[in-house]
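A.B. asks: This is the structure I want to talk about, given as structure tokens.
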Amino acid sequence: MSPIRSATIVALASAVLATTLTGCSFGATEEDSSPITIGADLELSGAAAPVGKAYQRALDLKVEQLNASGALGARKIKLVVKDNRSDANESLRNIGDFSNDSTVNAIIMGGCNECAVGAVRTINERKIPTIALAPSSAVASPVPERRYVFKLAPNAPDSAAALTAELRRRGITEVSILHSDDDYGREGLTALENEFGKAKIKRVRAEAVRTTDTELAAPIGRLTDRDPTGLVIWTPPEQAVLAATAADQSGYTGSLFLDAAAAGDLFLGSSGRATERATLIFTQTMVIDDVIATTPAKAARRQWFQDYTARFGGYNGLSSFAADAVQLIADSAVRAGGPAGRVNRDGLRDVLETSQLDGLSGPIRMTPDNHSGLMPQALTTLVARGGRWRLAG
């Protein structure tokens, strides 16, 4: 099924959009046809380009589907993309350009933690609603200092809790940890140590690596020389593949565990041997073809998976977060502006702050006290089998 033919299914699966349109009066002479313009600041070149390009594919597909569905009335979504070249300074310039353009209603930022945190002041001063796809909690917290900033990505405490539960279930009591030397990596280490303390799991050793490091044999060697029964990799996707390969080449025979931020492509390609039987904490959408679609939300996730795969020849787990960001902005714009009114940034922010969506990533709940909306129950346990990720069990 093509993305155009499936657009109606996707639109109907959005409970928020469906309910907000119910009861609206669409007078032909009153309905506003001005576009909902979203600026996207993405890592399309540089070190983080693979992730940024996955986000761009998802944004393009989701915008196309929503525009074709007619769910926005006479409005269409207009997407304006800028490459930040994986550089926080370039990202800040992009955010400045978007916020100074009165036609841009909201911004979606990519997975760069440093970029999102560095742009907070500009975003708040210019009062432009922004959804970042970066995982660090510092992106959206503390909320009083980030009124216009929202986050849509797995949260470190939730990932750590789910990962530790799986370690305990499998009886693994000694673990080494490789983590990125950035806000999210350090946050992850703290969250894991808190959970390990409750579960009586011993952290044998931890090593921090810069997100740009590609030579990982030495840190992996130090982590595995005491032969821990579990090795946790808490790094970005490309680096996680390198780490898994280094562990395999070192002769490590213990169990491999990956945090949600390490998720990338569904099919593991050349890294399949190194990651075989590895465990990943991530959302169900990554393996939705393993799941029976018993609810409208699950049906929408399956359709999204099929549409993305048909268009791009594979699936990237991070794509659903970008698509949900578009949906949240579209829903909020409809509710904030109404069929006859132009979208106001402050009004959009106010609605976005109370948004609820059974999204492609899972349940999302934004509140005035919590701008990081992905719920813990969105995460599940996956396992690598036969060169791709599968639902565990």
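The values are calculated or read from the model by the stated rules, or taken from the named source; none is laboratory data. None of the values given here were measured: they were computed from a predicted structure. All Cβ positions, even for glycine, are placed from backbone atoms using ideal geometry, and neighbour counts span all protein chains on display. Each accessible area value is taken on the protein alone, full model and side chains, heavy atoms only, with ligands, DNA and RNA left out. Shrake-Rupley method; radii C 1.70, N 1.55, O 1.52, S 1.80 Å.
A.B. asks: What aspartates and glutamates sit close enough to LYS53 to cross-link, taking a C-alpha to C-alpha distance under 14 Å and skipping anything fewer than 8 places away on the same chain?
C.D. replies: Reachable aspartates and glutamates: ASP41, GLU43, ASP83, GLU238, ASP265.
A.B. asks: Gain in length, ARG121 to ALA88, computed as 0.36 nm per residue apart minus the alpha-carbon separation, to one decimal in nm?
C.D. replies: Taking 0.36 nm per residue and subtracting the Cα distance, the gain is 10.5 nm.
A.B. asks: Take the cross-link list LYS76/LYS298; LYS151/LYS202; LYS151/LYS298; LYS200/LYS298 and give me the ones stretching past 28 Å between alpha-carbons.
C.D. replies: From the list (LYS76/LYS298; LYS151/LYS202; LYS151/LYS298; LYS200/LYS298), the Cα-Cα distance tops 28 Å for LYS151/LYS202; LYS200/LYS298.
A.B. asks: Would you please state which residues of the range 162-188 a label at ASP213 would reach in this model, taking the label point 7 Å out along Cα→Cβ and a backbone N cut-off of under 13 Å?
C.D. replies: 177-182, 185-186
A.B. asks: Okay, moving on. What figure in square angstrom, to the nearest 10, would you give for the accessible area of HIS371 with a 1.4 Å probe?
C.D. replies: Looks like 0 Å² after rounding.
A.B. asks: With a 1.4 Å probe and every protein chain left in place, work out the accessible area per residue of the chain in Å², rounded to a whole number.
C.D. replies: Averaged over the residues of the chain, the accessible area is 40 Å².
A.B. asks: I'd like the distance between the alpha-carbon centres of the range 195-261 and the range 177-191, rounded to an integer number of Å.
C.D. replies: 12 Å
A.B. asks: Need one number: nm distance between label points at GLU145 and ARG311, each 7 Å from Cα along Cα→Cβ, rounded to one decimal.
C.D. replies: Each label point lies 7 Å from its Cα, and together they span 3.7 nm.
A.B. asks: SER34 accessible area, nearest 10 Å², 1.4 Å probe?
C.D. replies: Counting only protein heavy atoms, the figure is 20 Å².
A.B. asks: Then there is this: Starting at 0 and stepping by 20 Å, how many percent of the alpha carbon pairs of the chain end up in each bin?
C.D. replies: For the chain, the binned pair fractions read 29, 57, 13, 0 percent.
A.B. asks: Given a 1.4 angstrom probe, I'd like the percentage of the accessible area of the chain that is carbon and sulfur, rounded to a whole number.
C.D. replies: 48 percent
A.B. asks: At a 10 angstrom cut-off on C-beta neighbours, averaged per residue, how do the peptides 380-388, 111-119 rank from highest to lowest?
C.D. replies: Packing proxy ranking, top to bottom: 111-119, 380-388.
A.B. asks: Another question about this same structure. For a paramagnetic label modelled at 7 Å from the Cα of ARG226 toward its Cβ, which residues of the range 168-195 fall within the zone defined by backbone nitrogen distances under 17 Å?
C.D. replies: Under cut-off, by backbone N: 172-179, 189-190, 192-194.
A.B. asks: Further, regarding this structure: Taking square-rooted eigenvalues a ≥ b ≥ c of the alpha carbon gyration tensor, is the range 262-393 rounded, prolate or oblate, where a/c under 1.5 means rounded and, failing that, a/b exceeding b/c means prolate?
C.D. replies: Prolate.
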